[in-house]
Every structure is written in structure tokens, then in C-alpha cells.
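If you scroll down you'll find the structure; I have some questions about it.
Just so you know, all these numbers are worked out from the coordinates, no wet-lab data involved. Remember, it's a predicted structure, so these values are computed and weren't measured experimentally. Here the Cβ is made from the backbone with ideal geometry for all residues, glycine too, and neighbour counts use every protein chain on show.
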Ligand code: OKP
Ligand code: ZN
């Protein structure tokens, strides 16, 4: 399988994230990179498709903000990474505020997603990596893997959060539709609900979104991913903490049957290895040996498939989990 990666994705190196009343070491750190690269035989660097495919999904004011936020943070005299602390939860609207803290709140939904010096470049090249792998699939490969990092599935059209800045699945779905595909299915099997992807595509006819994830009543992102959000082109299958393969497999069958009924001509898989039993921030009990059959079931649909990396924070198990999943294709 052709695998894509750009070394500029290493430059995003957050030190801390804020939750449960304290700063904690960032879970989405560059140590994940070598763990995953060690499991891939060779990777190809993507070419530069430019900003246009990103702007088909993301608001240009948001993209400008991402691009300049760290410089503005430094100009405001701050050390460390940029983090928001005030959020316009009522009537979020463009107020053209100048202060960096106001802009951070405007464009963020959590305090776990810092912007550092290399964040914009890493997010940009993560998106290009995704597009590179998409082009391989559009060019005739049965499947391809993009080692996207930082992840993308929590980012909306004009907001970041959940370690995500640009929504790679959405960027690739739009690019595929722009290249003549007619129906894209996104299957999100990360432990966390892909709220950004759901928000971007809710109500669309040409993109369907199915997600299997931890019940948001107990797990991040809390406000999205509940079963009753399933309608039309959206299917949410929340599962309880402690879920193992015996309980996961029937949900996967449901998601794949639902996807098959929509007859997609491209599948985008958002793969998170944070469903693994050893994951430090997650609570499912999948084993490394479960990922190969998981992927084999997706592959059995016989639809061209783009695989994107989302979460997975058990660094010692990460390489084995990624290679087990890819081997199922
Ligand atoms: C990103 B992806 C830890 C709180 C951290 C953010 C989780 C982001 C997950 N208990 N909250 O979906 O893997
Ligand atoms: Zn996750």
C-alpha cells in the first residue's frame, strides 16, 4: 500500500493541554511520529496542491487566523503555545475582534488544542499528505494511507479542537467530489466522535458519515456523537466504555451495511488507534489482533478506500496497531 507523510508534520510539538482543571503533558506529541513511521516500510512526500482544496472546506477567516495566531500570540508577549480561555457559546458571530485571546476563543471549542510555532505548517502538510494519498486512490490504487498528524476529525469549517486544525477527511471528500466521484462515505472508527466532520457534512446528499465511538455521555467531545443525532446522511453508533471486539464487531457490521446501501464510489476511513486497550486517554478494549479483521471487513466492500490517521496515544503499541490495520487491506 502506498503511504504518504511529510516531515514538516513533525513541527507541531505542543507541550501541554488543559483539562480537568490542570495542564497535562500533550497526548498528541511528536513521539507518535517515529512509532508510526517505524511500522511503515516507505513513505512518499506529497506534492503541494496549495490552499484551494483547504478553502473548499474551511472559512478563509479561520485559515488566516490559524496562519497568524502564533505570531500574534508572541507579539502579545506570551510564552509557550497559544491556548484560548473564553468562548462565545451564545451567538458566536464575527465581531472582527483584534485581541489574540478573543480570536482564539472565537475559533476554538476546547483548551486541549494549542497553537505553537510549527502548528500551521504541520496542519497544512498533514492536509497535503491526505490529498497525496487521495490522488493515489483517484489514480487507480485500491487504497492508500495518509499518515495525517495532527489529526483532523474534530475540526469544523471555522473551528479547531480535539487536537485537530484542518479536517482532512472533509478536504479529501470535497476534492474527490470535485474530481468526479459522486458519493463519498466517511467511516470514522476513532475512539472519539468526529464532530467536525459531522458538522461539515450534516444534511448533504453526496457525503455520508458513519461513526463508531465512545458514548459522549462519558467521553469527549460530550456534546456531539449521541445516537439521536443520526438522521439522513449521518449514523452515530456510540458504545460504552469497556467495549471489546465482541461488542464492537456488530456495530461495525451495522455501519458497513449502512454505508453499502448508500453505494459510495469512495470510502474515507478515519482510523484511530485509540480504541486499543492500552490507550492512555481512552477506554475501549480492542487488541492489536482486532485491527486486521476490522480493516478486512472494510476492504470487503470492494470500494476504493483512503485511510487517514486520527488518534492513538499508546505510543508503545501504535506501530503494531497501525500496521495490523493496514495489513487488513
Ligand atoms: C483527539 B482524537 C483527556 C481529555 C482530552 C481531547 C481528546 C481529543 C482526541 N481525557 N480531550 O479524536 O483522538
Ligand atoms: Zn480519538
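Quick one: order 276, 226, 168 by neighbouring beta-carbon count within 10 Å, fewest to most.
Numbers: 276 24, 226 14, 168 35.
By the 10 Å Cβ count, ascending: 226, 276, 168.
Follow-up. Can you give the Kirkwood hydrodynamic radius of the stretch 80-198 from its Cα pairs, in Å with one decimal?
Values: mean 1/r = 0.0647 Å⁻¹.
Over the stretch 80-198, the inverse of the mean reciprocal pair distance is 15.5 Å.
As I understand it, the value is the acute angle between the Cα axis of helix 119-138 and the longest principal axis of the Cα atoms of the chain; what does it come to in degrees, rounded to 10?
Tilt of helix 119-138: around 20 degrees.
If you restrict to DSSP beta bridges whose two residues both lie in the stretch 105-256, what percentage is antiparallel, to the nearest 5?
Working: 3 of 15 bridges.
So the antiparallel bridges amount to about 20 percent of the total.
Using only DSSP helix segments of four residues or longer, with each worth -39500 (n - 2.57), what per-residue ellipticity at 222 nm results for the chain after dividing by its residue count and rounding to 500?
-10500 deg cm²/dmol
Continuing with this model, one more query. Output the Cα-based Rg and Dmax of the stretch 275-319 in Å, rounding Rg to one decimal and Dmax to a whole number.
Rg then Dmax for the stretch 275-319, in Å: 12.0, 34.
If the convex hull of the alpha-carbon atoms of the chain is projected onto planes in all directions, what is the mean projected area in square nanometres? Mind dumping the intermediate values first?
Values: hull surface 60.0 nm².
The Cα convex hull of the chain, projected and averaged over all directions, gives 15.0 nm².
Can you check how the C-alpha radius of gyration of the stretch 159-298 compares to 2.2 N^0.38 Å, as a plain ratio?
Details: Rg = 14.3 Å, N = 140, 2.2 N^0.38 = 14.4 Å.
Dividing the Cα radius of gyration by 2.2 N^0.38 Å gives 0.99.
Quick check on the stretch 197-297: of the DSSP beta bridges with both residues there, what percent are antiparallel, nearest 5%?
On the way: 1 of 8 bridges.
Around 10 percent antiparallel, to the nearest 5.
According to a simple spin-label model (label point 7 Å from Cα along Cα-to-Cβ), what is the distance in nm between residue 257 and residue 86?
Rounded to a tenth, the inter-label distance reads 5.1 nm.
Label-point separation (nm) for residue 202 and residue 241, each offset 7 Å from Cα along Cα-to-Cβ?
2.7
Another one. Is the stretch 215-323 best put as rounded, prolate or oblate by its Cα gyration tensor, with a ≥ b ≥ c the root eigenvalues, rounded for a/c under 1.5, and otherwise prolate when a/b is larger than b/c, oblate when not?
oblate
Mind running the shape call on the stretch 21-73? Use the C-alpha gyration tensor, a ≥ b ≥ c as the square roots of the eigenvalues: rounded below 1.5 for a/c, prolate if a/b tops b/c, oblate otherwise. Please list the in-between numbers first.
Details: a/c = 2.83, a/b = 1.15, b/c = 2.47.
In terms of gyration-tensor shape, oblate.
Express as a percent, rounded to the nearest 5, the fraction of DSSP beta bridges in the chain (both residues included) that run antiparallel.
Values: 8 of 39 bridges.
Around 20 percent antiparallel, to the nearest 5.
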